[in-house]
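Trainee: So that we are looking at the same thing, I have put the structure below in structure tokens.
The values are calculated or read from the model by the stated rules, or taken from the named source; none is laboratory data. What you are looking at is a predicted structure, and each value in this text was computed from that prediction instead of being measured. Every residue, glycine as well, gets a Cβ built from its backbone with ideal geometry; the counts of neighbours run over all protein chains shown.
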Amino acid sequence: MDRFVFLTFDGLSRGAVYAAFALALVLIWRATRIVNFAQGAMAVATAYVGYSVSAATGSYWLGFAVAVLGGLLLGAVTERVVMRFVDHSSPLNGVVVALGLVLVIQGVLGMIYGNEFRPAEAPFSRDAFTVGGIALLSRFDLFVFGTVCVVVVLLAVLFTRTPVGLRMRASAFAPDVSRLLGVNVGGMLTLGWALAAAVGSLAGMLVLPTELGLHPNAMDIVFVSSFTAAVVGGLDSAIGAVAGGLIVGLLLSYVSGYLGATVAPIAVLLLLVVILLGRPGGLFSRSAARAV
Amino acid sequence: MTALLAAEQLTVGYGAAPVLHDVDLTVAAGSITAVLGANGAGKTTLLRTLSGLLRPAAGRVVLDGQDLRGVKVEQMVRRGVAHVPEGRGVVTELTVDENLRLGGLWRRDRADARRALDEVYGLFEPLARRRRFPGHQLSGGERQMLALGRALIGRPRLLLLDEPSLGLAPRVTAQIMGLLRTLRDDTGLTVLLVEQNVRSALSVADTGIVMALGRVVANADAATLRDDEEMRHAYLGF
Amino acid sequence: MSVTLAPKVDAGLRVPRPARRHRYLLWTIAAAALIVALTYLLPPFRNYQLATVGAYLCVTAGLTVLTGLNGQLSLGHGALMATGAYTVALVQEALAGRGQWTLLIAVLAGIAVATVAGGIVGLAAARLRGPYLAGLTLAVAVLVPAIASTFDQTFNSDQGLSVYVDPPPLALGATFPYERWQAWLAWAGALLTMVLLATLIRGRFGRSLRAVRDDEAAARIAGVNVARTQVLAFVVSAACAGLGGALFAVLAQSVSPGAFPLSLSLFLLMAIVIGGLGSLAGAVWGAVLLVALPALTHSVTDSIDVSPAVAQRLEGNLPLALFGVTLIVVMLAAPGGIASLRPSRRRRKP
């Protein structure tokens, strides 16, 4: 029972990261109907920069801030310079271009930093508190949870209660009509990418201390898990992304805990297959089984 | 009568069969002009070119003496042009209130934008009752009101309307036409109205333009088009 | 315009055009002759590179048919190659030293296992399109190495296995260069793959593939069994990937998870995009590019004066960056994106 409780909390903490990352994917999907396959690589790139700044200045938080701001910048630049020019006639175009970006980013990172694993320190202790003899969360877990909650709330408020959020939603739902109403749709698209990338970078900084270390491919599995989470929740649904993230986090935690860590990725693959075959629109989609 | 809007030798589309061919028209300020013609005549293309969604292959559009070449679509509302597109363009995922506010977001004068919002709610009472409803829950007539209201929030000088009566009951159509007449009389609004419902359109229009196969084939005042049997038979099919 | 009658041809002079399959046979013989000639002219290292091109060609040919002709984007073919490669390693280990024929068994087994794996993925993927299919195959590519780690005993996790390969048969001569033998093996596989695929896609299967890619609803109405077509396309391309992987195992004489990373699948994608989606000839160019570009960057990094550590970084990663840039540029420059990268349909001669 102790173990179950511990695994549950651990799963929720990991799940929070997947939720944030899945949110980033959903954000871009809703605005542009593109799945940003480069999201993981972009997050790793900003994490490298962040940790370099931390190492140079001695301040983790400065590096953290630089990573998130870097994400903002990288997202905006990616949209302006690359994704804007993707032909919309086939959904494959965006996918292939994003994959090209993955190659470029991982190649450049490898050239600058090398392919060895670098340490990615956590800002807080990762030792779990014990409550009543049961190991629960660590300070770091609480930090992760709290940060993701704040981000989710901020995004929700931004999108539903601010003029900018209204413009962004309108630009995603009806770009031509929005233009006629004076909305700078192109600018909103760039902003959407910037925000999504910043969220991805934040998620990256939160998850890397729990992985093997900093490496150009470090976020590949996180991307796959988060993609699964987004699909589970429904690519169109922000709430679904959060729920999906928690589900995937719990699944990974239980499987790792009871069956062994090396089997966990297979569990994610099975979950993805099951959801794509059974309910491809996701658990929270408005339409039922959409023709994917 | 001053021309608020003029199109000169407008050609849209490429190749042997352009969608619009050498279209000339002027719209007088403070008037209602009806654009009539069968399906495929190019009426919607004309409106989309006037509001900048389409770029002409040749010719130009002049608004209040200014050439609109190179002006981005987003800028048109700032120049006082509101375009209610074919199908109304109600953003169904947003609420009535959000749709209306969307129409006024570009305005710097926030106080006046709020006033305009209240005026629109006053004008369209059913919308006021359904502020929080998402767009997809509205009836056809309510959507038309919403689209119109959203266009009016920007206090436009020129209103481009694409088939407002589509799918609406005659009573509702008459209300809308009456509203257009009132707006023209009270505020001097200029309206360019594309319509399939010829009788309704001519009942409020000052001028009528008839299009066929991408060209303007008749341009006369509405009374003439209404009363001249020969013209009616030749161009309007009744 | 009046209808013109077919020009009169003197019956005696009419030479029947060779049947299609005869033409393929002629092409294959010509290509085989060319390859054999090359292997006698080239130095050993170049022969090894030639062999590598042949192995890649098996995979790119199958993948270009899947993605170009059938429209299914697969990011998991690197993993399918791995299944073929690992199977060869295991079979050779089991049958070690019993003779040349074990290699054939091993390769066939590799193809079989990859085919089965491809069938499983294909069944899961049959109804998926676009980013969903890409995401699923990406998951396969990223997570399958985890399987190698799970079964530590059999697969020896990250260190991998060595592949026992017999030296060239004595019938060829005691001093027959090993690399030449490798090139012959690889290109035997490659040419076989090309002929089989060419035959398949000219027939009804090819038409079904294209029909589903162009307009699924119309294909369904026309009587095409869409799900079966999608799965079959996947299975065929998986078999090709399995063969390619098997050949790689033979060439490298070892297998490990590190030899089949995600970037391999992305390289394959780039190769078929640049070569021309759906074009078998393009698959050849793609395979050549996959070998030539890293070789080129290697010689560049060798020639500039940097420390060995930096050189190693560049060597491993410069190809990635260059491939990525190439892929992006090609995709953005092609009007209509992926659709215009397919060769236009050749007109049928009467």
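Trainee: For region B:219-238, enumerate the residues that are among the aliphatic types (A, V, I, L, M) and modelled with pLDDT of 80 or more. I'd like the intermediate steps shown before the answer.
Mentor: Of all residues in region B:219-238, those among the aliphatic types (A, V, I, L, M) come to B:220, B:222-223, B:225, B:231, B:234, B:236.
If the condition is that a residue be among the aliphatic types (A, V, I, L, M) and modelled with pLDDT of 80 or more, then B:ALA220, B:ALA222, B:ALA223, B:LEU225 are the ones that fit.
Per-residue answers, yes or no, for (1) more than 13 Å from chain C (Cβ to nearest Cβ); (2) within 18 Å of A:LEU208 (Cβ to Cβ); (3) surrounded by 24 or more Cβ atoms within 10 Å (Cβ to Cβ):
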| site | (1), (2), (3) |
| --- | --- |
| A:ALA19 | yes, yes, yes |
| A:LEU27 | yes, no, yes |
| A:PHE37 | no, no, yes |
| A:GLY40 | no, yes, yes |
| A:GLY58 | yes, no, no |
| A:ALA76 | yes, no, no |
| A:VAL86 | no, no, no |
| A:ALA98 | no, no, yes |
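Trainee: Tell me whether region A:113-135 contains one or more residues that are free of Cβ contacts under 8 Å to residues at least 12 places away in the same chain and within 23 Å of A:ASP220 (Cβ to Cβ).
Mentor: Yes, the conditions are met somewhere in region A:113-135.
Trainee: So which pairs qualify, if the first residue must be in region C:188-208 and at pLDDT below 90, the second must be polar (S, T, N, Q), the Cβ gap must be under 9 Å, and the two must be at least 6 apart or on different chains?
Mentor: Every condition considered, the pairs that remain are C:PHE205/C:THR229; C:SER208/C:ASN70; C:SER208/C:ASN225; C:SER208/C:THR229.
Trainee: Another one. So how many residues does region B:86-105 have that are within 9 Å of another protein chain (Cβ to nearest Cβ) and hydroxyl-bearing (Ser, Thr, Tyr)?
Mentor: Result for region B:86-105: 1.
Trainee: Still on this structure: Could you give me the residue pairs with C-beta distances under 9 Å whose first residue belongs to region C:278-303 and is under 12 Å from C:TYR56 (Cβ atoms), whose second residue is outside any helix (DSSP H, G or I) wherever it lies, and which are 6+ apart or on separate chains?
Mentor: Note: pairs meeting the criteria are C:ALA283/C:GLY276; C:TRP285/C:GLY276; C:TRP285/C:SER279; C:GLY286/C:GLY276.
Conditions tested, residue by residue: (1) under 29 Å from B:ASP22 (Cβ atoms); (2) among the aromatic types (Phe, Trp, Tyr); (3) in contact (Cβ under 8 Å) with a residue 40 or more places away in the chain.
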position: B:ASP64; (1), (2), (3): yes, no, yes
position: B:VAL71; (1), (2), (3): yes, no, no
position: B:GLU74; (1), (2), (3): yes, no, no
position: B:VAL77; (1), (2), (3): yes, no, yes
position: B:VAL90; (1), (2), (3): no, no, yes
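Trainee: Another question, then. In region B:179-216, which residues are without any contact (Cβ under 8 Å) to a residue 40 or more places away in the chain and farther than 19 Å from B:ASP162 by Cβ?
Mentor: B:THR182, B:ASP185, B:ASP186, B:THR187
Trainee: Given the residues C:GLY324, C:GLY276, C:GLY286, C:GLY282, which is the only one that is more than 11 Å from chain A (Cβ to nearest Cβ) and buried (at least 24 other Cβ atoms within 10 Å of the Cβ)?
Mentor: Numbers: C:GLY324 fails: more than 11 Å from chain A (Cβ to nearest Cβ); C:GLY276 fails: buried (at least 24 other Cβ atoms within 10 Å of the Cβ); C:GLY282 fails: buried (at least 24 other Cβ atoms within 10 Å of the Cβ).
Result of the check over C:GLY324, C:GLY276, C:GLY286, C:GLY282: C:GLY286.
Trainee: Another question, if that's okay. How many of the residues making up region B:22-60 are surrounded by fewer than 20 Cβ atoms within 10 Å (Cβ to Cβ), away from chain A (no Cβ under 14 Å) and more than 21 Å from B:SER203 (Cα to Cα)?
Mentor: Matching residues across region B:22-60 total 7.
Trainee: Return the residues of region C:286-328 that are within 22 Å of C:THR60 (Cα to Cα) and small (Gly, Ala, Ser); say none if nothing qualifies. First the steps, then the outcome.
Mentor: Just the residues of region C:286-328 that are within 22 Å of C:THR60 (Cα to Cα), to begin with: C:286-297, C:316-328.
If the condition is that a residue be within 22 Å of C:THR60 (Cα to Cα) and small (Gly, Ala, Ser), then C:GLY286, C:ALA287, C:ALA292, C:ALA295, C:GLY316, C:ALA321, C:GLY324 are the ones that fit.
Trainee: Looking only at region C:130-177, which residues are assigned to a helix (DSSP H, G or I) and among the polar types (S, T, N, Q)?
Mentor: Filtering region C:130-177 for residues assigned to a helix (DSSP H, G or I) gives C:130-150, C:152-155, C:157-159, C:170-172.
Result: C:THR137, C:SER149, C:THR150, C:GLN153, C:THR154, C:SER157, C:GLN159.
Trainee: Something else now. Which numbered condition in (1) out of contact with any His (no Cβ under 9 Å at 6 or more places or on another chain); (2) closer than 29 Å to C:LEU268 by Cβ is the only one that A:TRP61 fails?
Mentor: Unmet condition: (2).
Trainee: Which residue, of B:LEU146, B:LEU117, is assigned to a helix (DSSP H, G or I) and in contact (Cβ under 8 Å) with a residue 40 or more places away in the chain?
Mentor: On the way: B:LEU117 fails: in contact (Cβ under 8 Å) with a residue 40 or more places away in the chain.
Testing whether each residue is assigned to a helix (DSSP H, G or I) and in contact (Cβ under 8 Å) with a residue 40 or more places away in the chain leaves just B:LEU146.
Trainee: Tell me which of these C:GLY71 doesn't satisfy, since it passes every other one: (1) crowded, with 24+ Cβ neighbours inside 10 Å; (2) not in a loop (DSSP other than H, G, I, E, B).
Mentor: (2)
Trainee: Restricting to helices (runs of 4 or more DSSP H) lying wholly in region B:1-113: which have 2 or more residues that are in the same structural domain as B:THR224 (by TED's automatic domain parsing) and closer than 18 Å to B:LEU160 by Cα? Lay out the reasoning, then the answer.
Mentor: Numbers: elements: B:43-50, B:73-76, B:96-104.
Result: B:43-50, B:73-76.
Trainee: Now for a different question. What are the residues in region B:61-83 that are among the basic types (Lys, Arg) and over 23 Å from B:LEU189 (Cα atoms), if any? Give the derivation first.
Mentor: So in region B:61-83, the residues among the basic types (Lys, Arg) come out as B:69, B:72, B:78-79.
Selection gives B:ARG69 alone.
Trainee: Related question: Which ranges mark the helices (runs of 4 or more DSSP H) fully within region A:152-228 that have 3 or more residues being without any contact (Cβ under 8 Å) to a residue 24 or more places away in the chain? Reasoning before the result, please.
Mentor: Values: elements: A:163-173, A:175-180, A:185-207.
Of the helices (runs of 4 or more DSSP H) lying wholly inside region A:152-228, those with at least 3 residues that are without any contact (Cβ under 8 Å) to a residue 24 or more places away in the chain span A:163-173, A:175-180.
Trainee: Residue check: is A:GLY240 within 27 Å of C:ASN317 (Cβ to Cβ), more than 14 Å from chain C (Cβ to nearest Cβ), in contact (Cβ under 8 Å) with a residue 12 or more places away in the chain and assigned to a helix (DSSP H, G or I)?
Mentor: Working: within 27 Å of C:ASN317 (Cβ to Cβ): no; more than 14 Å from chain C (Cβ to nearest Cβ): yes; in contact (Cβ under 8 Å) with a residue 12 or more places away in the chain: yes; assigned to a helix (DSSP H, G or I): yes.
It is false that A:GLY240 is within 27 Å of C:ASN317 (Cβ to Cβ), more than 14 Å from chain C (Cβ to nearest Cβ), in contact (Cβ under 8 Å) with a residue 12 or more places away in the chain and assigned to a helix (DSSP H, G or I).
Trainee: Shifting gears a bit: Of the residues that sit in region C:86-129 and are of a type outside the set (D, E, K, R) and assigned to a loop (DSSP other than H, G, I, E, B), which one is nearest to C:LEU266 (Cα to Cα)? Even if it seems obvious, please write down each step before you answer.
Mentor: Applying the first criterion (of a type outside the set (D, E, K, R)) to region C:86-129 yields C:86-92, C:94-97, C:99-126, C:128.
Add one more test, that the residue is assigned to a loop (DSSP other than H, G, I, E, B), and what stays is C:95-97, C:99-100, C:126, C:128.
Numbers: C:LEU95: 34, C:ALA96: 34, C:GLY97: 36, C:GLY99: 37, C:GLN100: 34, C:ALA126: 21, C:LEU128: 20 Å.
This residue is C:LEU128.
Trainee: Out of everything in region C:305-344 that is closer than 22 Å to C:MET270 by Cα and part of a loop (DSSP other than H, G, I, E, B), what residue ends up being modelled with the highest pLDDT? Don't jump to the end; show me each part of the working.
Mentor: Keep residues of region C:305-344 that are closer than 22 Å to C:MET270 by Cα, which gives C:313-344.
Keeping just the survivors that are part of a loop (DSSP other than H, G, I, E, B) gives C:334-336, C:342-344.
Numbers: C:ALA334: 82, C:PRO335: 72, C:GLY336: 63, C:ARG342: 68, C:PRO343: 61, C:SER344: 55.
The selected residue is C:ALA334.
Trainee: Among the candidates A:LEU272, A:LEU235, single out the residue that is crowded, with 22+ Cβ neighbours inside 10 Å, modelled with pLDDT under 95 and either more than 10 Å from chain C (Cβ to nearest Cβ) or part of a helix (DSSP H, G or I) (or both). Give the steps one after another, and end with the answer.
Mentor: Details: A:LEU235 fails: either more than 10 Å from chain C (Cβ to nearest Cβ) or part of a helix (DSSP H, G or I) (or both).
Answer to the selection: A:LEU272.
Trainee: Next question, about the same structure. For C:VAL231, indicate whether it is under 20 Å from the mean Cα position of the chain (by Cα), within 14 Å of chain A (Cβ to nearest Cβ), surrounded by 17 or more Cβ atoms within 10 Å (Cβ to Cβ) and over 25 Å from C:LEU104 (Cβ atoms).
Mentor: Values: under 20 Å from the mean Cα position of the chain (by Cα): yes; within 14 Å of chain A (Cβ to nearest Cβ): yes; surrounded by 17 or more Cβ atoms within 10 Å (Cβ to Cβ): yes; over 25 Å from C:LEU104 (Cβ atoms): yes.
When the stated conditions are applied, C:VAL231 passes them.
Trainee: Here's something else I'd like to know. Do we find a residue being within 12 Å of another protein chain (Cβ to nearest Cβ), under 25 Å from B:ASN99 (Cβ atoms) and either surrounded by fewer than 24 Cβ atoms within 10 Å (Cβ to Cβ) or not aromatic (Phe, Trp, Tyr) (or both) anywhere in region A:188-209?
Mentor: Residues of region A:188-209 that are within 12 Å of another protein chain (Cβ to nearest Cβ), as a first pass: A:188.
Narrowing further to those that are under 25 Å from B:ASN99 (Cβ atoms): A:188.
Filter once more, keeping what is either surrounded by fewer than 24 Cβ atoms within 10 Å (Cβ to Cβ) or not aromatic (Phe, Trp, Tyr) (or both): A:188.
Among the residues of region A:188-209, at least one is within 12 Å of another protein chain (Cβ to nearest Cβ), under 25 Å from B:ASN99 (Cβ atoms) and either surrounded by fewer than 24 Cβ atoms within 10 Å (Cβ to Cβ) or not aromatic (Phe, Trp, Tyr) (or both), which makes the answer yes.
Trainee: Just to verify a result, which residue in region B:163-214, among those that are assigned to a helix (DSSP H, G or I) and of a type in the set (D, E, K, R), is surrounded by the most Cβ atoms within 10 Å (Cβ to Cβ)? Step through it out loud before you land on a result.
Mentor: Residues of region B:163-214 that are assigned to a helix (DSSP H, G or I), as a first pass: B:170-187, B:198-204.
From the residues that got through so far, the ones that are of a type in the set (D, E, K, R) too are B:171, B:181, B:184-186, B:199.
Details: B:ARG171: 8, B:ARG181: 15, B:ARG184: 19, B:ASP185: 10, B:ASP186: 8, B:ARG199: 13.
Taking the candidates together, the pick is B:ARG184.
Trainee: Tell me yes or no: at least one residue of region A:284-291 is away from every other protein chain (no Cβ under 11 Å), among the aliphatic types (A, V, I, L, M) and outside any loop (DSSP other than H, G, I, E, B).
Mentor: No, that holds for no residue.
Trainee: May I ask you to list the residues in region A:249-268 that are at pLDDT 90 or above and at the interface with chain C (Cβ under 9 Å from one of its Cβ atoms)?
Mentor: If the condition is that a residue be at pLDDT 90 or above and at the interface with chain C (Cβ under 9 Å from one of its Cβ atoms), then A:VAL268 is the only one that fits.
Trainee: Report, by residue number, each residue of region B:106-148 that is surrounded by fewer than 16 Cβ atoms within 10 Å (Cβ to Cβ) and among the basic types (Lys, Arg).
Mentor: The answer is B:ARG108, B:ARG110, B:ARG114, B:ARG115, B:ARG129, B:ARG131, B:ARG132.
Trainee: Could we say that B:GLN137 is polar (S, T, N, Q) and over 25 Å from B:LEU193 (Cα atoms) here? Even if it seems obvious, please write down each step before you answer.
Mentor: On the way: polar (S, T, N, Q): yes; over 25 Å from B:LEU193 (Cα atoms): yes.
Considered against the rule, which asks whether it is polar (S, T, N, Q) and over 25 Å from B:LEU193 (Cα atoms), B:GLN137 comes out as yes.
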